[in-house]
Amino acid sequence: MSDRLLRPALVLGLLSCIGPFAIDMYLPAMPLIGNDLGTSIQGMQTTITAYFIAFGLAQLIYGPWADRSGRKTPLYAGIVVFIAGSVVCTFAPTVEWLVAGRFIQGLGGAALMVVPRAIIRDLYTGPAATRLMAAVMLVISISPMLAPLAGAGLMAVFNWRAIFGALLVASLASLVILKLFQPETLPPSQRQPFNMGDALSGAKRLLTDPLFMGLTFLGGFGMASFFVFIASASFVYTEDFGLSPTGFSLAFAINAIGFFAASQMAAYLGQTYGSERVMAVAAAGFAAFTVALFGAALLGFATLTVCVAGLFLANACLGLIIPTTMVMALDDHGDIAGLASSLGGTLQMLAGGMMIAAAGPFFDGTVTPMLGAIALCGVIAFALSRLVSNRQAAAAA
């Protein structure tokens, strides 16, 4: 990577890491937090749901705000909101306070995911932008590998509240990074006033486009399966499989590596074989692996090794589905790509949050309900992939 790409990749990657770290870092501590605050597994899963719903809704705010006022103002605001949420989480006396703190964190963390993408568009176009985006994603990908281990280490030395204290320190550091190393990339002459009429018209166009909605929810239910895994895995791996928090962190990292490794191949495979074919094959593979895993669980064969290996393969398929469907969903909406990206991201986050809430009552800390919910996501994603393929074939005819 050239020096001109390295610096923005590191700065934007470090800023973007805050949100994923807020998800992954406290996963090893979830059973302990639940015991300490006297709440159930479902109560702890609500802390994940609250974060995702807030994160999804806030995307609709930060995108237009960044186009109207420049990139740094909404970033500062998002970091400050995230800091407030981290303070609430650190000192939360009950699970209700922890849920509120996580919701506030989600509202702030969305800025750190949405605005850096806009900055990349400001700086580069074409292959250079693609390389910078890939480099930023590589920096972000350290989160599922290192964040749970960091959380387990802090919990071993201090207690679970130290994890949110560390997120507070990291968010304060991000303010310094933003102030010193990230210049404003959208000059006043290029800023666009927000028009509610245009936004509503564009949203109506997107919500009534079957192809956009099909691709959005195809990727959304793929993401929902990963959200279910995030919300449930710490209980399954530590209580059902008997892993330590550090052991869970390593198993979680293996499953996440499958996703990020495959996502780096999505663009090449799409250029070589076509995005529609990659989407269809990956959706079929995702459904096959998740249903097979659920079947193994029903038959009593879902051991730790089988679960980790199967989820690695399923998440590899997911790593192809999500970036491919995102690109395909925006293909016909280049004139409102920003709105389409924000609305699509919001719908996907809400789908993930609702799937966690719907699966919560059936979860008992064992592997079977978790794999059942993931398999349901796989089946729905496959069905949507067939509908999308059929509609594209009809349009071509």
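The values are calculated or read from the model by the stated rules, or taken from the named source; none is laboratory data. Every value quoted in this text rests on a predicted model; they were computed, and no experiment measured them. Heads up, the Cβs are rebuilt from the backbone with ideal geometry, glycines too, and the neighbour counts pull from every protein chain shown. Quick note on the areas: whole protein, heavy atoms, side chains included, nothing else; ligands and nucleic acids left out. Shrake-Rupley method; radii C 1.70, N 1.55, O 1.52, S 1.80 Å.
Model label sites at Ala199 and Val176, defined 7 Å from Cα along the beta-carbon direction, differ in position by 3.5 nm. Compactness of segment 197-356, taken as the C-alpha radius of gyration over 2.2 N^0.38 Å, stands at 1.14.
Placing unit charges on each Cβ (+1 for Lys and Arg, -1 for Asp and Glu) gives the chain a dipole about its Cα centre, and among Ile79, Phe363, Phe312 the Cα reaching farthest toward its positive end belongs to Ile79. Take the Cα radius of gyration of segment 191-251 and divide it by 2.2 N^0.38 Å, N being the number of residues; the result is 1.92.
The distance linking segment 292-310 with segment 52-97 is 38 Å (Cα centroid to Cα centroid, whole angstrom). Net charge dipole, the chain: roughly 700 debye, given to the nearest 20, about the Cα centre with Cβ charges of +1 for Lys and Arg and -1 for Asp and Glu. Over the chain, accessible surface divided per residue gives 41 Å², non-protein components excluded, 1.4 Å probe.
Charges were assigned to the Cβ only: +1 to each Lys and Arg, -1 to each Asp and Glu. The resulting dipole of segment 177-317 about its Cα centre is roughly 300 debye. Classify segment 47-126 as rounded, prolate or oblate from the Cα gyration tensor: take a ≥ b ≥ c as the square roots of its eigenvalues, call it rounded if a/c is under 1.5, otherwise prolate when a/b beats b/c and oblate if not. Prolate shape, in that a/c is at least 1.5 and a/b is the bigger ratio.
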